[in-house]
Structure formats: C-alpha cells, structure tokens
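The structure under discussion appears below in the form of structure tokens.
The values are calculated or read from the model by the stated rules, or taken from the named source; none is laboratory data. Here the structure is a predicted model, which means the values were calculated and not measured. Ideal geometry is used to build each Cβ from the backbone, glycine not excepted, and the neighbour counts take in all protein chains shown.
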C-alpha cells in the first residue's frame with residue numbers, strides 16, 4: 001500500500017481554485033475546516049494545481065506555528081530571514097514595521113524573477129501579526145495569489161479575517177468526507193496497487209462509523225488496523241475483525257480534537273461514552289447544566305429529541321471508543337454505579353424511565369456493576385444492546401449463561417440468542433443437556449421444553465451452523481422418539497412434524513417431506529417450524545409458487561424483528577432461503593434481490609456477520625445469473641472471506657457460482673481450484689447438487705463436451721433438487737449439447753412451474769431442432785428476465801442457425817442483438833459467444849451510426865456529431881440495412897436491438 005493516500009472528494013474544489021487563480025477574480029482562497037479534514041493536504045494539492053495552469057507561477061510554502069507567533073515575519077523566515085526586523089520595538093504597525101513589509105514585498109518580487117507568486121500559508125490562525133498584515137497587503141496589491149488555511153471555530157488575526165470579509169479572497173469550507181467518498185478513499189488506499197482486491201462492506205461501515213468521514217482519523221484507523229492485524233486480507237478481500245486498535249497516535253489525535261477539557265466536561269464525556277444515548281434528565285443529575293451546554297457548544301456532544309425527552313450522544317463515535325478504552329475496570333464499575341443510581345433516581349420521580357429500552361439499559365448497568373439480574377431480562381437486554389455495543393452484549397450473554405437456576409425455557413432461549421450472535425458451539429453445549437434429560441412438567445401442566453422443540457433447534461444449528469452432519473441422525477431420532485408426544489392429545493406436536501419432514505429432506509426425499517407437512521400447512525395457524533421446513537421442501541421439489549405463499553404466511557421479511565424464532569434464527573433464515581431460491585429459479589432476479597438486500601442491511605446494522613455473509617452470497621449469485629461475472633466474483637469473494645468454509649451453510653452454492661463466474665471469463669483453472677476447495681468441506685446434504693452446473697460449465701468452456709454431457713446426465717439422475725437438475729442440464733445446452741441432455745431437460749421442463757425453467761425447455765427444444773426463430777424467441781425471453789448472458793448465448797446460437805439456413809439478414813440482425821447483450825456481461829467468453837466470431841456483423845462504425853439513427857437523429861445531425869459528411873452517413877446506413885435485411889431507420893431498434901451507448 002502506498003504511503004501517500006489519494007486525495008478523494010476534492011477534485012471540484014481544486015478545479016475551482018485553479019480557475020480562480022487563472023482568472024484573477026480573487027486574490028486568493030482561504031480553506032477552513034475542522035482538524036483532520038485535510039486542509040494542509042488540500043493546500044499542497046491546490047498549490048500544485050495553480051502552478052499547473054501555466055509556467056508563469058512561482059510557488060512558496062509557509063507553515064505557521066505558535067513558536068513563531070511573537071516574531072515579525074517569523075513563519076516566513078525561510079523567505080525573508082536576512083531582512084532587518086523592526087527597530088521600533090515590539091509594537092507592530094510603526095515605521096519599522098512598514099519598512100519591513102515593503103522590503104518583504106520587494107524580496108518576494110525578486111524571488112519570483114518576474115513571474116507571478118502563489119503563496120500558500122498553512123495554519124494562518126497562529127501567524128504573527130506582521131505576516132498577517134503582509135498577506136492582506138499582497139492580496140490588495142495583487143502581488144501574489146494566496147492559499148491560506150485555518151481551522152474552523154478559532155479566532156484568526158484580523159488581517160486574515162479581512163481576506164474573506166472584504167472580498168479579497170474566497171472562503172472555502174472543507175467538509176468531512178461523505179460515506180461514498182470515505183469508502184472510495186479506503187478502497188483506493190488498500191486496493192489501488194492490486195487489481196481484483198475488494199474491501200468488505202462491513203469493514204467500510206466500521207471505518208465510516210468510527211471516523212465520521214474525517215480523513216486523518218480514517219487513515220490512523222486503517223494504519224492501526226493494519227499494524228494490529230485486525231484489518232487484514234483474506235484471499236482477495238480486506239476484512240476488519242476484532243476491536244479497533246487504540247494506538248498512542250490515535251489517542252493523541254482524539255485528545256487534540258477534544259481539546260483541553262475542564263474536569264467537569266471530561267467527566268461528562270466519560271459518562272456518555274459508557275451510557276449513551278443518555279437521557280438529559282439523568283445527565284442533569286450527574287453534571288450541572290452549564291457543563292452540558294458548554295460541551296454541546298464545543299461540539300463534543302450531540303442532543304437529539306426522542307419523543308418527549310432529549311437524548312445525549314458523544315458527537316464522534318471514535319471519541320467514545322477511546323474514552324471507554326482508557327477506563328480501568330474499577331473506573332468502569334464506578335461509572336456504571338453512578339449511571340444506574342441516577343437512572344433509578346429519575347425513575348422514582350413521576351413516570352420517568354418507563355420505556356422498555358430504559359429497563360434493559362438499567363439491567364445492563366446493574367450487570368456491569370457486578371450485581372445479579374433475572375436471566376430473561378438479561379436476554380432482552382442482549383437483543384436491545386447488541387449491535388450498538390457488542391462487548392456489552394457479550395458480557396450480558398455470559399451473565400445469562402452463568403445463571404445455573406435458569407428455567408429450561410430460558411435456557412432454550414439463551415441457546416437461540418447465542419446462535420444469533422454466532423456462538424454456535426456454546427449454543428450446542430446449552431442444548432445438549434436439555435435434549436438428553438427428561439421432559440419437565442411446568443406449573444401449568446405443560447411439558448417444557450418439549451423434547452421436539454429442543455431437537456428442532458439442535459438439528460438446525462447442527463445443519464445450518466455447525467455443519468455437523470454426522471450428528472443429525474441421532475438428534476433426529478432422539479427428538480422424534482418411538483411414541484407420540486404425550487402433550488399433543490392426539491394431534492402431533494408441530495415441532496415433531498417439522499422434524500419428521502426435515503429427516504426426509506436430508507435423506508433426499510423432498511416429495512415425501514411435502515406430503516408429511518401437507519396437513520399441518522393446511523392449518524392457517526401453522527407456526528414457523530412447520531412453514532420453514534415446508535418452504536424448503538417445496539423449493540427442493542420445484543414448487544416455487546407454494547414457497548412464496550408459505551414465506552408470506554411466516555412473515556419472515558419483517559425487518560423490525562430479530563433473527564430469533566425459537567430455533568435461534570435458523571428457521572427464519574431457512575424460510576427466507578427457500579423463498580429467495582424460488583425467486584431465483586423462477587427468473588425473478590429483482591424479486592430475489594428484494595429479499596436479500598434489505599436482509600443484508602438489517603444484518604449489518606445488527607452486527608450479525610454470519611447472516612450478512614449469507615445474504616452477500618445471495619446477491620453475488622443473482623449477479624452471476626444476470627451475466628455479471630466480475631460483479632458476482634466481488635460479492636462472493638467478500639462473503640467467502642467473512643466466515644470459515646466448514647462453518648458456512650452456503651459454502652457449496654458460493655463456490656459453485658464463483659466457479660461459474662470464473663469459468664465464464666475463461667479462468668477455468670482458477671474455477672476448478674475454487675470448486676475443488678469447496679468440495680473438500682464436509683458433504684452437504686441439501687445443497688451439494690449446486691456443484692453439478694459448475695462442473696458442466698468448466699468442462700464445456702474447456703471444450704470437453706463429452707464430459708460435460710456425462711456430468712449433466714449424472715445430475716439428472718443423482719441431484720435430489722429439481723432446480724439443481726434443471727440448472728446442470730441447461731448449462732450443458734448453453735455449451736451446445738443436445739441429444740439425451742435435451743431430452744432430459746425437456747422432460748423436466750414439462751413439469752416445471754417457473755417461467756425460467758420452462759424457457760430452459762424451450763431452449764433445449766429449439767437447439768436440438770436447429771430452430772433459429774425458436775432460439776431467437778428464447779433469447780428475447782431471457783433478456784426480458786434480465787439474464788443478459790443467457791440471452792446473448794441463445795441469440796448467438798440463433799445467428800449460427802440462421803447462417804446455416806442461408807438467412808444472412810436475419811443472422812446479422814440477431815448477431816447485433818447478441819453483441820449488445822454480451823456487452824453487458826463484463827467480458828464473458830463462453831462457447832456460445834464464440835459463435836459470433838467472424839460472423840457478418842456490423843463494424844464498430846456501422847454500429848455507432850446505426851445506434852444514433854435508431855434514436856431518431858437525422859443524417860445531418862449524425863454527421864455533425866461524428867464530424868463526417870452526410871454522404872458518408874447515408875452510405876453507412878445503406879450497408880447496415882443490407883446486412884440486417886431491413887428497409888429503413890424505423891426497423892433498427894425492433895429488428896437489430898441496437899442500443900445507444
């Protein structure tokens with residue numbers, strides 16, 4: 001990584017400064033901004049930009065400091081060091097000062113050698129008065145163009161203030177970077193010299209949250225993260241794992257930004273760091289109102305209205321992190337004591353502290369003091385605190401786990417919360433004793449926890465989380481038992497039904513699982529345990545419409561709810577996964593992304609890294625299906641870097657789609673290596689069939705068509721998911737294979753529900769029958785679904801069939817469409833697209849003129865835009881019409897599919 005960070009988000013400002021200098025409209029620019037915003041860096045870049053406007057500029061750089069404040073022209077000693085200082089004593093403005101100023105201006109003209117001076121002065125707020133007066137005089141006389149910097153919120157010498165007050169110079173306020181600019185800065189710094197690398201979105205979000213867009217803090221966070229290895233590369237992805245490093249330099253920067261605080265304000269900041277958002281009523285019992293007002297005026301704290309009360313926050317998250325990191329355990333406990341006692345005091349007056357979140361915060365403060373608390377209240381507090389303070393959430397979770405007398409129902413909930421936070425092994429250790437022991441009868445006579453409830457959570461955690469497939473049969477057997485559940489009174493308990501169906505699923509009998517669940521799903525009151533497994537079974541059986549109905553009934557897309565459903569969040573995820581897959585296999589990629597994208601945002605906001613990786617994978621897969629192999633690889637690599645492959649439930653889909661994306665761009669060796677790496681992970685019982693299509697793709701791109709056909713037919717016999725069979729067979733059709741492959745695919749498509757899988761069958765039929773028009777129609781159908789690569793491949797096959805039939809005009813027209821779709825596919829190179837090579841296609845010039853004509857432009861207008869003659873335009877269009885077999889401009893869009901740009 002380069003030592004010099006790129007300058008991001010300031011291009012417009014630099015351009016305006018250079019233009020101002022060249023025009024002479026103003027005598028300079030004053031750059032004002034908060035500490036760390038990059039004033040000095042911008043001033044240096046502006047100095048270079050001004051000098052770059054022409055050879056007649058002479059640059060000078062001055063850096064003011066407090067050490068030279070009392071010395072006339074002290075900051076400019078390197079320019080005027082041999083000039084005699086004033087002889088009229090320390091008072092400035094006398095005859096001696098005037099002579100010194102005249103001499104300085106004359107010396108500056110000598111130094112420029114007849115050229116124009118551009119004088120940059122950094123930190124002008126600490127200039128000595130003589131230097132400040134010199135700046136004002138240079139601005140008035142026009143002897144120099146000034147670039148002056150000063151921090152916001154400080155008093156500057158009057159002559160400097162007069163620069164913008166009197167209109168001599170423009171004042172430019174430099175803001176901190178916005179989120180997009182901050183992300184770009186980090187990406188450029190980390191990935192600039194290494195094409196193909198990316199920065200994980202979670203790392204970017206953390207850096208943005210802590211820095212607030214302040215470039216200096218951002219750089220220190222990145223440098224500290226690199227040194228501490230919390231910011232590191234995993235494959236091609238930069239990730240942030242662990243706490244931010246509290247380096248000495250970073251702490252010094254935070255101290256400099258906060259300034260020299262009175263003890264009362266520093267105490268307030270510590271209280272806010274541990275207690276934010278803090279009700280202003282609580283804060284008022286801890287510090288006086290004058291201190292609160294002073295801290296807000298300094299910009300140290302921010303107040304926000306929350307209903308009828310006002311909440312207080314530390315303005316910069318990084319300041320809060322540093323303050324928390326400095327506190328000793330004893331100091332931390334004392335802070336929590338003061339906060340909880342103040343909160344209890346406020347709660348005892350009137351109806352204060354009546355909100356649910358207030359109660360959970362008081363519980364968390366009690367635990368931080370070392371006091372006992374009810375385990376259910378602790379778990380509620382974990383959910384409330386979670387993403388805002390992961391360390392506190394971990395402490396609360398640990399405290400809840402240490403309660404030996406917690407009821408079985410509470411321990412079941414504890415395990416679910418552990419799963420939510422990725423503590424999968426701890427969850428299993430909590431669940432295993434519950435599962436092994438006898439059922440207990442509660443005061444209401446109900447057996448709690450039901451053996452099946454515990455088994456259901458264990459099964460899902462073992463499958464989706466721990467990937468411990470070898471332990472599933474025993475847990476399923478223990479959970480189901482030999483006799484009906486005694487609490488069901490003749491009706492099977494829903495969790496038992498879900499367990500029986502899940503056992504059929506993992507044993508490869510999706511249709512049987514659908515039948516088992518049919519009576520339970522017919523009940524409109526069916527809960528998520530039944531709906532989740534039923535949705536997964538329907539998805540595996542290719543019943544995509546049913547999946548959507550079940551997901552809607554399960555209400556799984558309500559983002560105001562946590563990933564907690566009684567099975568640790570896995571049931572909700574399972575339903576979402578089935579629904580997303582149904583949309584994917586139906587060709588509704590926008591619908592698939594409408595499921596994944598809000599879920600990804602929610603998971604990131606809540607700090608649920610495992611779920612975030614899952615939803616990132618889904619987005620990568622839809623990008624792959626859209627025909628965007630480079631974008632797909634970026635998303636999928638980001639997900640792969642976030643979790644260990646052997647503990648990730650979507651490892652097989654991830655590596656399979658990544659291999660497909662790599663193979664589509666000709667990187668078959670890398671694709672094969674990726675797929676092999678994924679297949680080394682313990683065997684997947686539900687998603688292993690995803691790999692068949694990738695194997696077919698790699699073999700087909702490498703020209704091993706016989707092997708590709710063998711793999712596709714193997715998938716038709718062995719894959720236990722309808723969609724996996726269809727995908728593998730259709731990939732073979734994309735490679736140009738027919739025969740048994742086409743027959744199998746057509747047979748499966750006859751029973752398909754989704755429009756995409758039906759189109760797969762039409763594609764196979766048209767290719768086998770050399771039906772150019774049929775292939776053309778299928779290409780258009782794929783394009784309508786946003787599947788550009790499939791559309792381009794089918795169109796290329798159609799063009800080949802048209803040429804073979806001697807229909808040259810039709811071949812040229814569909815070739816043009818194929819090329820237009822292929823242009824959207826980020827350099828994809830597949831066997832079907834190779835059919836376009838050497839075809840009678842439009843030349844680049846013909847395509848350009850045809851595209852302009854298709855928008856309705858006249859020949860004269862086209863000639864003017866391309867700087868050619870009208871005759872040339874008309875001649876080219878006649879050639880285009882002949883190649884495409886059309887009669888005029890009106891047919892270009894409809895027949896050739898030409899798109900401008």
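Answer with yes or no whether residue 715 is over 20 Å from residue 798 (Cβ atoms), modelled with pLDDT under 95, touching a helix residue (DSSP H, G or I) at 6+ places or on another chain (Cβ under 6 Å) and surrounded by fewer than 24 Cβ atoms within 10 Å (Cβ to Cβ).
Values: over 20 Å from residue 798 (Cβ atoms): yes; modelled with pLDDT under 95: yes; touching a helix residue (DSSP H, G or I) at 6+ places or on another chain (Cβ under 6 Å): yes; surrounded by fewer than 24 Cβ atoms within 10 Å (Cβ to Cβ): no.
When the stated conditions are applied, residue 715 does not pass them.
For residues that are part of a helix (DSSP H, G or I) and in contact (Cβ under 8 Å) with a residue 12 or more places away in the chain, scanning just the range 696-707, find the one that is surrounded by the most Cβ atoms within 10 Å (Cβ to Cβ).
Once the filter is applied, the top-ranked residue is 696.
Quick grid of which residues meet (1) crowded, with 18+ Cβ neighbours inside 10 Å; (2) more than 33 Å from the chain's Cα centre (by Cα); (3) assigned by TED's automatic domain parsing to the domain that holds residue 103; (4) not in a loop (DSSP other than H, G, I, E, B):
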{"residue": "16", "(1), (2), (3), (4)": "no, no, yes, yes"}
{"residue": "19", "(1), (2), (3), (4)": "no, yes, yes, yes"}
{"residue": "53", "(1), (2), (3), (4)": "no, yes, yes, no"}
{"residue": "59", "(1), (2), (3), (4)": "no, yes, yes, yes"}
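Among the residues in the range 248-269, are any touching a strand residue (DSSP E or B) at 6+ places or on another chain (Cβ under 7 Å), surrounded by 17 or more Cβ atoms within 10 Å (Cβ to Cβ) and at pLDDT 90 or above? Can you show your working first?
Start the filter on the range 248-269 by keeping residues that are touching a strand residue (DSSP E or B) at 6+ places or on another chain (Cβ under 7 Å), which leaves 269.
Keeping just the survivors that are surrounded by 17 or more Cβ atoms within 10 Å (Cβ to Cβ) gives 269.
Cutting the leftovers down to at pLDDT 90 or above gives us 269.
Checked the range 248-269: at least one residue is touching a strand residue (DSSP E or B) at 6+ places or on another chain (Cβ under 7 Å), surrounded by 17 or more Cβ atoms within 10 Å (Cβ to Cβ) and at pLDDT 90 or above.
Mind listing whichever residues of the range 145-167 are free of Cβ contacts under 8 Å to residues at least 40 places away in the same chain and touching a strand residue (DSSP E or B) at 6+ places or on another chain (Cβ under 8 Å)? Outline the logic, then answer.
Initially, the range 145-167 is screened for residues free of Cβ contacts under 8 Å to residues at least 40 places away in the same chain, giving 154-159, 161-162, 165-166.
Matches in the range 145-167: 156 only.
How about the range 370-429: which helices (runs of 4 or more DSSP H) wholly inside it have at least 2 residues that are at pLDDT below 80 and under 34 Å from the mean Cα position of the chain (by Cα)? Spell out the reasoning first.
Values: elements: 375-385, 390-401, 408-420.
Answer list for the range 370-429: 375-385, 390-401.
With respect to residue 313, determine if the residue is modelled with pLDDT of 85 or more and not in a helix (DSSP H, G or I).
Values: modelled with pLDDT of 85 or more: yes; not in a helix (DSSP H, G or I): yes.
When the stated conditions are applied, residue 313 passes them.
Which condition breaks for residue 339 when tested against (1) assigned to a helix (DSSP H, G or I); (2) over 27 Å from residue 205 (Cα atoms); (3) modelled with pLDDT under 90?
It fails just one condition, (3).
Is there a residue in the range 618-632 that is under 17 Å from the mean Cα position of the chain (by Cα), surrounded by 23 or more Cβ atoms within 10 Å (Cβ to Cβ) and farther than 29 Å from residue 829 by Cβ?
no
Scan 779, 693 and give me the residue that is in contact with a helix residue (DSSP H, G or I) (Cβ under 7 Å, 6 or more places away or on another chain) and farther than 23 Å from residue 637 by Cβ.
Details: 693 fails: farther than 23 Å from residue 637 by Cβ.
Only one candidate qualifies: 779.
For every residue, the table says whether it meets (1) within 30 Å of residue 463 (Cβ to Cβ); (2) out of contact with any strand residue (DSSP E or B) (no Cβ under 6 Å at 6 or more places or on another chain); (3) modelled with pLDDT of 95 or more; (4) assigned to a helix (DSSP H, G or I).
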{"site": "674", "(1), (2), (3), (4)": "yes, yes, no, yes"}
{"site": "678", "(1), (2), (3), (4)": "yes, yes, no, yes"}
{"site": "683", "(1), (2), (3), (4)": "yes, yes, no, no"}
{"site": "690", "(1), (2), (3), (4)": "yes, yes, no, yes"}
{"site": "694", "(1), (2), (3), (4)": "yes, yes, yes, yes"}
{"site": "709", "(1), (2), (3), (4)": "no, yes, no, yes"}
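For residue 432, all conditions in the list (1) modelled with pLDDT under 80; (2) over 30 Å from residue 275 (Cβ atoms) hold save one; what is the number of the exception?
(1)
Is it the case that some residue within the range 214-228 is touching a strand residue (DSSP E or B) at 6+ places or on another chain (Cβ under 7 Å) and closer than 30 Å to residue 616 by Cα? Give the derivation first.
Restricting attention to the range 214-228, the residues satisfying the condition of being touching a strand residue (DSSP E or B) at 6+ places or on another chain (Cβ under 7 Å) are 222, 225.
Retained after the next criterion (residues that are closer than 30 Å to residue 616 by Cα): 222, 225.
Yes, the conditions are met somewhere in the range 214-228.
Given the conditions (1) under 23 Å from residue 826 (Cβ atoms); (2) surrounded by fewer than 24 Cβ atoms within 10 Å (Cβ to Cβ); (3) modelled with pLDDT of 95 or more; (4) over 36 Å from the mean Cα position of the chain (by Cα), which single one is not true for residue 797?
(2)
If you go through the range 224-233, how many residues are in contact with a helix residue (DSSP H, G or I) (Cβ under 8 Å, 6 or more places away or on another chain) and in contact (Cβ under 8 Å) with a residue 24 or more places away in the chain?
Number satisfying all stated conditions: 2.
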